[in-house]
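The values are calculated or read from the model by the stated rules, or taken from the named source; none is laboratory data. Nothing here was measured: the structure is a model prediction, and the numbers come from that model.
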Amino acid sequence: MVVVIGGGRDGRRRFDKASKREIVAACLNPGVSIAGMASANGVNANLLHKWIRQYRNGHEQQVDKRTAAIQHKTEEPAFIPVIEMKRPARLSSLSLCAELPNGIKLELSGLDNGELPLLLQTLSSLPCSG
């Protein structure tokens, strides 16, 4: 509920800034009806649209200011040199021979050290037909 903190002689109400921020944040969620939110909080829908525009304009200006400040502070080159790293030589290739309970023989060779654990994990998760 938006909190009214005062009113002028012209009939205009003044609203609490924190309450305005809450209702605007709620309206920015997908699928929220702005007219429904305005009605539920006792605010004119056009006024709520105005608050949302003000929020978006202020938010964009803040992002622009931050981006400009970051651009001025960074004096590093736009591109970072890429250094090619040599792959370590294979120590040895691994071989795997297995005979399953159902008589199937499995022979694999030329495996990397990193491939063996994945292979064993995959094989261990298979149901045995034994």
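For segment 1-47, taking the residues that are aliphatic (A, V, I, L, M) and not in a helix (DSSP H, G or I), the one that is nearest to residue 58 (Cα to Cα) is identified as 28. Output the residues belonging to segment 1-25 that are farther than 15 Å from residue 54 by Cα and at pLDDT 85 or above. Correct list: empty.
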